[in-house]
1. List nothing, just return the count: lysine pairs in the chain, 8 or more apart or interchain, with Cα separation under 17 Å.
2. Which whole-number percentage describes the relative contact order of the range 1-137, with Cα contacts under 8 Å and a sequence gap of 6 or more?
3. Evaluate the range 29-104: find the radius of gyration of its Cα atoms, find its Kirkwood radius, and give the ratio Rg to Rh.
4. Need one number for the chain: average projected area of the convex hull over its C-alpha atoms, nm².
5. Before rounding to the nearest 500, sum -39500 (n - 2.57) across all DSSP H runs of length at least 4 in the chain and divide by the residue total; then give [θ] at 222 nm in deg cm²/dmol.
6. Assign one of three labels to the range 54-96, namely rounded, prolate or oblate, based on the Cα gyration tensor with a ≥ b ≥ c the square roots of its eigenvalues; rounded applies when a/c is under 1.5, prolate when it is not and a/b is larger than b/c, and oblate otherwise.
7. At 25 °C and 0.890 mPa s, what whole-number value in µm²/s does Stokes-Einstein give for the translational diffusion of the range 52-153, with Rh from the Kirkwood sum over Cα pairs?
8. Quick one: if the Förster radius is 35 Å, what FRET efficiency do V174 and S90 give, using the C-beta to C-beta distance and rounding to 0.05?
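Every number in this text was worked out from the coordinates using simple rules, so none of it is lab data. What you are looking at is a predicted structure, and each value in this text was computed from that prediction instead of being measured. Every residue, glycine among them, receives a Cβ derived from its backbone with ideal geometry; neighbour counts consider all protein chains shown.
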Amino acid sequence: MQNSAGFWDRRAPGYVARPMKDVASYEKAMDRVRSYLTTEQEVLELGCGSGATARLLARHVRQVTASDISGKMIEFGREKAWNDGIENVSFVHTSAETLALDGRTYDVVMAFNVIHLIKGPADAINQVQRLVKPGGLLISKTPCLGDSAFYWRWLINVMRVVRYAPYVTYFRQVDLGRRIEQAGFKILETGNYPASPMGRFIVARKI
């Protein structure tokens, strides 16, 4: 986990400066997320990066806790929230594993582009499950590179060898959905934003 933190710390400045590649897919996903939010909810975002999504959704909920394993990412997030005058987003430098062990739960847990970066698919989803209140929601978007062209997996493997990419689990969308259900969720909605390489969007309620 520390190696992952160091990886993202080193890349934080470039990550923050880089423009979003597929704005249309992001906006479609955010429209679906907003349809599940209320101003009474306490929300946790895992792998918040620079906090762009947390800031975008903050006015739709009561409180957002935005977490990331990268201290540098958290610094950028706090600065941007301060500059935007957003007061109901708190930034926490920690991992999903540490949060799960803390015992606190949330009405909604958001995990965008992060579950595939946690080693051990079952452990990753179980960690997330422990953070959701009974009856609460998991809203996630996960690259399912197991369903993508071999080129993407080859490219990531090469990048990992030269330490230019982090650990990645190559999920297939069917397996990802099954693992989420096995962890104690009922899937309410799915979608692909973008379609290629697949970003599998899932909304699931904790049973």
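1. 9
2. Values: 198 pairs, mean separation 32.1, N = 137.
Relative contact order of the range 1-137: 23 percent.
3. Rg/Rh: 0.96.
4. On the way: hull surface 42.2 nm².
Its Cα hull, projected and averaged over all orientations, spans 10.5 nm².
5. -12500 deg cm²/dmol, from helical runs alone.
6. Judged from the Cα gyration tensor, the range 54-96 comes out oblate (a/c at least 1.5, b/c at or above a/b).
7. 165
8. The pair V174/S90 has a calculated efficiency of 0.45.
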